[in-house]
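Accompanying notes for the structure given below.
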Amino acid sequence: MTNGSLFIISAPSGAGKSTILKRVMAEVENLVFSISHTTRRPRPGEIDGHAYHFVDRETFTRLRNAGGFLEWAEVHGNFYGTSREAVETETGQGRDVILDIDVQGAEQLRKGTDVNAVSIFVLPPSVAELERRLRGRGTESEETVRLRLDNAVRELRQAEQYDFLVVNDDLATAATQIAAVISAERAKHRRLADGHPIPTEVLSPPDR
Ligand code: ADP
Ligand code: 5GP
């Protein structure tokens, strides 16, 4: 069985990545979301083990020092990391995995030699709209909003390093574009749109 593919999705905070990802996960079959570890506190409604594994700094540092993360970074003052074991287990079983990680994490994976990932950057239609969405979400303090907007400018400058750029103006269009990238990558790796391998009797038919 061939290994599953890795997809990286990055975006400045508030661009709508989580909203798009929910749609993509509902639309695309056999796609696994990589649940990162983070030292950030859960937002109201966030359940441990769903969007994130919430851990303290000590636990994070222990995992990091033991080589447990495929990549990790400090983002907006908190640590975030991708579990090596969880990702390798899924891809080893032929499943595609989607990583919601920041530009630093994406750069680590791009520079490393052991991971081959397709990277997608989600852009807001404008910086003004990004600010409106971030404030409109109502989950951050004024201080955190400012920090995230400052970081957004730096992150947007990294967009050109990515394989695919998707502007999240209309939500449905952006989700469809991302689903199309995943579908095309599957075709490249001789898989059906649902992620399963193209049957060998079709690829190498016996003589008649
Ligand atoms: P991120 O995960 O990138 O930080 P979210 O998915 O939380 O961003 O989206 C930030 C805010 O913008 C949310 O309130 C969300 O409902 C809104 N939003 C997301 N996509 C769109 C869109 N295409 N048009 C208008 N608002 C959007
Ligand atoms: P949030 O706190 O809004 O959930 O996420 C903040 C940022 O951290 C986002 O840019 C998100 O992509 C990034 N992030 C989440 N998990 C990881 C991870 O495992 N590694 C890295 N490098 N960034 C992550």
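Tabulated values for the structure
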| quantity | calculated |
| --- | --- |
| 0 to 90° range, to nearest 10: angle between helix 17-27 axis and the chain longest Cα axis | 30 degrees |
| Those trypsin sites (Lys or Arg not before Pro) in the stretch 107-204 that DSSP places in a loop and that have at most 14 other beta carbons within 10 Å | Arg157, Arg190 |
| Spin-label model distance (nm) - Glu142 vs Ser183, 7 Å beyond Cα toward Cβ | 4.7 nm |
| Gyration tensor over alpha-carbon atoms, the stretch 6-188, equivalent ellipsoid semi-axes in Å | 23, 22, 15 |
| Mean separation of Cα contacts under 8 Å, 6 or more apart, over the residue count of the stretch 63-115: relative contact order % | 30 percent |
| Taking the stretch 6-188 and dividing mean pair separation by its residue count, relative contact order in percent (alpha carbons under 8 Å, at least six apart) | 33 percent |
| Helix 142-156 axis, angle to the chain major axis (alpha carbon atoms, nearest 10°) | 40 degrees |
| Calculated [θ] (222 nm, deg cm²/dmol) that DSSP helices of n ≥ 4 give over the chain, each run adding -39,500 (n - 2.57) | -12500 deg cm²/dmol |
| Loop-resident sites, the stretch 52-117, for GluC sites (Glu not before Pro), counting at most 10 other Cβ within 10 Å (DSSP) | none |
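Throughout, read-outs are computed from the coordinates displayed, never taken from laboratory work. Just so it is clear, the model here is predicted, and its values are computed rather than measured. Here Cβ is always computed from backbone atoms with ideal geometry, including for glycine, and neighbour counts include all displayed protein chains.
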